[in-house]
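Reading through the structure tokens given below for one structure.
The values are calculated or read from the model by the stated rules, or taken from the named source; none is laboratory data. Treat the numbers as computed from the prediction; the structure is a model and nothing was measured. Please note: Cβ atoms are built from the backbone with ideal geometry, for glycine as well, and neighbour counts cover all protein chains shown. SASA here: full protein model, heavy atoms, side chains in, ligands and nucleic acids out. Shrake-Rupley method; radii C 1.70, N 1.55, O 1.52, S 1.80 Å.
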Amino acid sequence: MTKLTSQTRKGLKSRTRLVNAGRDVSEQHGFINMPAWRGSTVVFPTVEALKGRKARYTYGTKGTPSSEALEQAWSEIAGAQTTVLAPTGLAAVTLALLTAVKSGDHILVSDSAYGPTRHFCDTILKRLNVEAQYYDPYVGAEISGLMRSSTSAVLVEAPGSQSFEMQDIPAIAEVAHARGACVIMDNTWATPLFFPPHERGVDLAIEAGTKYLSGHSDLLIGLVSANPAWAKRLRETFDAFAMCAGPDDIFLALRGLRTMELRLREAERQGLGLANWFAARSEVKEVLHPALPGHRGHEIWKRDFLGSSGLFSIILNPASEKAVAAMLDGLELFGMGYSWGGFESLVIPFDCGTYRTATKWAPGGPALRFQVGLEDMSDLTADLVKGFARLQAGG
Ligand SMILES: *Cc1c(COP(=O)(O)O)cnc(C)c1O
């Protein structure tokens with residue numbers, strides 16, 4: 001086996017890339033996987049080397065073979081110039097935002113953005129004199145009406161991870177770039193496999209690797225990738241914080257990377273299977289899944305996305321809280337918990353109305369979010385049929 005040339009590497013299809021990215025067996029004594037490199041101090045052979053930091057690795061926070069392997073692999077997959085790792089997905093969000101803003105700036109944030117992202121904007125950014133204004137995710141090119149001379153960033157997230165609004169990201173990016181603003185996207189739902197962020201105009205793309213990169217609900221990690229325009233600034237911000245991911249999490253993330261496309265394609269198949277099953281149930285008022293033709297953002301999804309993942313929501317016909325609790329508490333195969341992207345099915349009730357400010361959340365019934373795992377669909381639907389019976393009985 002000979003070493004992959006960069007020319008060959010460039011032409012590889014995504015599945016081949018996932019298998020080979022960030023991996024060079026000739027540097028690992030022939031072993032397939034890189035061990036978890038852990039360390040703070042790196043020693044130098046001479047005073048001269050020490051003073052000039054003349055070495056490939058200089059200190060634990062500046063990068064290890066493990067962190068570099070994942071960063072390089074992710075850049076390849078995301079079509080990015082560079083990638084930095086963070087200890088969690090939320091830390092990746094904060095790194096991206098702090099890369100783009102300075103005191104006195106105004107930023108635009110989708111009203112459907114991840115809740116803790118809003119919290120960061122409303123507390124820390126506010127304290128730093130950065131004003132976050134929330135906008136309707138369906139704004140499209142009309143975002144131009146919200147741009148100010150001080151607008152330095154537009155944060156998009158599509159679909160919203162509870163309510164599943166889609167966003168016309170190329171249109172938003174065109175407006176933002178004409179006004180000199182950075183486009184930041186939380187791309188956790190689609191991953192770069194189903195939405196190549198930088199090709200679509202995104203400057204800084206965030207991935208909560210905790211979800212599909214991990215795939216096993218046993219690690220926390222975040223990634224931010226940058227296009228050439230933002231690569232230097234992102235790296236500079238990362239270096240200033242030294243907000244590093246841990247070696248074991250990086251090791252597990254690299255392992256997850258190899259099977260990410262397989263898992264994601266199965267999540268898509270399972271997600272569509274369950275979404276269509278719900279769509280045919282009389283207890284369900286609406287299914288919020290962008291790959292279903294009736295969804296408001298379906299045309300955008302079809303145009304810009306290459307697939308869908310296994311997270312979507314449903315709106316039930318009006319029912320009491322007690323009845324919904326009886327339905328959910330008695331489920332045997334769906335755990336109730338935050339996060340998603342693992343091998344197991346999950347459900348949570350949610351209410352976007354508690355934090356929305358730019359749009360009205362009026363679903364007309366209880367809202368449930370489902371993460372579909374790898375279980376057999378007939379077992380999942382049998383569990384849900386019993387759940388619907390408890391719902392109908394009123395708890
Ligand atoms: C989970 C999640 C995050 C945060 O990831 P953590 O690793 O849990 O901090 C960010 N954005 C979205 C859309 C998420 O679903």
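Among the candidates Gln72, Gln7, single out the residue that is open to solvent by 50 Å² or more (accessible area, probe 1.4 Å), part of a helix (DSSP H, G or I) and within 26 Å of Pro87 (Cα to Cα).
From the options Gln72, Gln7, the qualifying one is Gln72.
Looking at (1) surrounded by fewer than 21 Cβ atoms within 10 Å (Cβ to Cβ); (2) over 21 Å from the mean Cα position of the chain (by Cα), find the lone condition where Arg303 falls short.
Going through (1) surrounded by fewer than 21 Cβ atoms within 10 Å (Cβ to Cβ); (2) over 21 Å from the mean Cα position of the chain (by Cα) one by one, Arg303 breaks only (2).
Only residues in the range 206-230 that are farther than 11 Å from Thr88 by Cα count as the first member; pair them with residues that are basic (Lys, Arg) and more than 12 Å from the ligand (Cβ to nearest atom), Cβ under 7 angstrom, at least 6 apart or cross-chain, and list the lot.
These pairs meet every condition: Tyr212/Arg263; Gly215/Arg263.
Does the range 20-67 hold any residues that are β-branched (Val, Ile, Thr), in contact (Cβ under 8 Å) with a residue 12 or more places away in the chain and exposed (fewer than 13 other Cβ atoms within 10 Å of the Cβ), and which are they?
Thr41, the sole residue that qualifies.
Of all residues in the range 219-262 being open to solvent by 10 Å² or more (accessible area, probe 1.4 Å), part of a helix (DSSP H, G or I) and within 16 Å of the ligand (Cβ to nearest atom), which is farthest from Arg23 (Cα to Cα)?
Looking at the filtered set, the residue picked out is Phe241.
Give the residue, chosen from Pro192, Pro137, Pro159, that is buried (at least 24 other Cβ atoms within 10 Å of the Cβ), closer than 28 Å to Arg258 by Cβ and either hydroxyl-bearing (Ser, Thr, Tyr) or more than 11 Å from the ligand (Cβ to nearest atom) (or both).
Pro192
For the condition among the polar types (S, T, N, Q), in contact (Cβ under 8 Å) with a residue 12 or more places away in the chain, in contact with a strand residue (DSSP E or B) (Cβ under 7 Å, 6 or more places away or on another chain) and away from the ligand (no atom under 16 Å from the Cβ), what is the one hit in Ser150, Ser103?
Of Ser150, Ser103, the one residue that is among the polar types (S, T, N, Q), in contact (Cβ under 8 Å) with a residue 12 or more places away in the chain, in contact with a strand residue (DSSP E or B) (Cβ under 7 Å, 6 or more places away or on another chain) and away from the ligand (no atom under 16 Å from the Cβ) is Ser150.
Look through the range 338-351, keep the residues that are modelled with pLDDT of 95 or more and either within 14 Å of the ligand (Cβ to nearest atom) or loosely packed, with under 15 Cβ neighbours inside 10 Å (or both), and return whichever of them is farthest from Thr188 (Cα to Cα).
Across the range 338-351, the extreme among qualifying residues is Asp351.
If a residue must be buried (at least 16 other Cβ atoms within 10 Å of the Cβ) and either in contact (Cβ under 8 Å) with a residue 60 or more places away in the chain or over 28 Å from Gln133 (Cα atoms) (or both), how many such residues does the range 367-378 contain?
Looking only at that region, the number is 6.
What are the residues in the range 100-117 that are farther than 20 Å from Thr237 by Cα and either among the aliphatic types (A, V, I, L, M) or open to solvent by less than 10 Å² (accessible area, probe 1.4 Å) (or both), if any?
Leu108, Val109, Ser110, Asp111, Ser112, Ala113
Return the residue satisfying two criteria in turn: it lies in the range 97-132 and is part of a helix (DSSP H, G or I) and of a type in the set (S, T, N, Q), and of such residues it is farthest from Ile143 (Cα to Cα).
If we take residues in the range 97-132 being part of a helix (DSSP H, G or I) and of a type in the set (S, T, N, Q), then Thr123 is farthest from Ile143 (Cα to Cα).
Can you name the condition, by its number, that Ala240 falls short on among (1) free of Cβ contacts under 8 Å to residues at least 40 places away in the same chain; (2) not assigned by TED's automatic domain parsing to the domain that holds Val93?
(2)
Determine whether Asp168 is crowded, with 19+ Cβ neighbours inside 10 Å, among the charged types (D, E, K, R) and in contact with a Phe, Trp or Tyr (Cβ under 6 Å, 6 or more places away or on another chain).
The answer is no for Asp168.
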